[in-house]
């Protein structure tokens, strides 16, 4: 059986690192994309594509050059940032940066890597239930909520546009995960989130492409 090729952005720590490690342990060839590799990633034996900022104009070119024509079975757009705007403090530069990293970069990377995808490839967009309109019961977090809602919109369009290529797309909320992004205050570990996300990606197919899932399998409201 052919070894699966997996590409993961934001793979230096947290959920991205846990995903990279678990896929590698399962026998996949993992390409870990990051700006600067952590010690854990450096010592993992995983193929590292470092020095890459997903918002940089040359990000797609550099990744494609590193892949050298290799086809990817699963593309996981995981890189993301969160800042905490509120009604009294919502600076436009912080909101725009979140749009660039959380919404625009995953779209541009997916489109740019289409030549490296094939029939049966899968695209996972690591989003958040904080991008849900119906689920917003607390307000605030303007940039993060808006950028994840934008990512969800892009993901649904990608699911439609890639259907005739037999490439399925999932929008995946990992859960409230113990990572640096939330000062490790989450209720599940990165390893648990990664395991659940891998199951959702395994379950992904053309018939359920474009779905918005919690990593625990729950379908989330838009």
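The values are calculated or read from the model by the stated rules, or taken from the named source; none is laboratory data. Since this is a predicted model, take the numbers as computed values, not measurements. As a convention, Cβ positions derive from the backbone with ideal geometry for all residues, glycine included, and neighbour counts pool all protein chains shown.
Taken together, 97, 118 contain a single residue that is surrounded by fewer than 16 Cβ atoms within 10 Å (Cβ to Cβ) and either farther than 30 Å from residue 2 by Cα or more than 18 Å from the chain's Cα centre (by Cα) (or both), which is 118.
Within segment 50-67, the set of residues being in contact with a strand residue (DSSP E or B) (Cβ under 9 Å, 6 or more places away or on another chain), in a helix (DSSP H, G or I) and in contact (Cβ under 8 Å) with a residue 40 or more places away in the chain comprises 59, 63, 67.
Going by what's in this entry, would residue 152 be described as closer than 28 Å to residue 64 by Cβ, within 15 Å of the chain's Cα centre (by Cα) and either surrounded by fewer than 14 Cβ atoms within 10 Å (Cβ to Cβ) or touching a residue at least 40 places away in the same chain (Cβ under 8 Å) (or both)? The answer is yes for residue 152.
Per-residue answers, yes or no, for (1) touching a strand residue (DSSP E or B) at 6+ places or on another chain (Cβ under 7 Å); (2) surrounded by fewer than 21 Cβ atoms within 10 Å (Cβ to Cβ); (3) assigned to a strand (DSSP E or B); (4) without any contact (Cβ under 8 Å) to a residue 12 or more places away in the chain:
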{"residue": "17", "(1), (2), (3), (4)": "no, no, no, no"}
{"residue": "21", "(1), (2), (3), (4)": "no, no, no, no"}
{"residue": "24", "(1), (2), (3), (4)": "yes, yes, no, no"}
{"residue": "41", "(1), (2), (3), (4)": "yes, no, no, no"}
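Restricting attention to segment 144-178, the residues being under 19 Å from residue 84 (Cα atoms) and part of a helix (DSSP H, G or I) number 8. In the set (1) free of Cβ contacts under 8 Å to residues at least 60 places away in the same chain; (2) closer than 20 Å to residue 147 by Cα; (3) not in a helix (DSSP H, G or I), residue 82 fails one condition alone, (1).
Here residue 220 clears all of (1) within 22 Å of residue 96 (Cβ to Cβ); (2) touching a strand residue (DSSP E or B) at 6+ places or on another chain (Cβ under 6 Å); (3) surrounded by fewer than 21 Cβ atoms within 10 Å (Cβ to Cβ) except the condition numbered (1).
This table checks each residue for (1) in contact (Cβ under 8 Å) with a residue 24 or more places away in the chain; (2) in contact with a helix residue (DSSP H, G or I) (Cβ under 9 Å, 6 or more places away or on another chain).
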| site | (1), (2) |
| --- | --- |
| 163 | yes, yes |
| 169 | yes, yes |
| 177 | yes, yes |
| 186 | no, yes |
| 193 | yes, yes |
| 200 | yes, no |
| 210 | yes, yes |
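Look at (1) surrounded by fewer than 16 Cβ atoms within 10 Å (Cβ to Cβ); (2) outside any loop (DSSP other than H, G, I, E, B); (3) modelled with pLDDT under 95 and you find that residue 181 fails only one, number (1).
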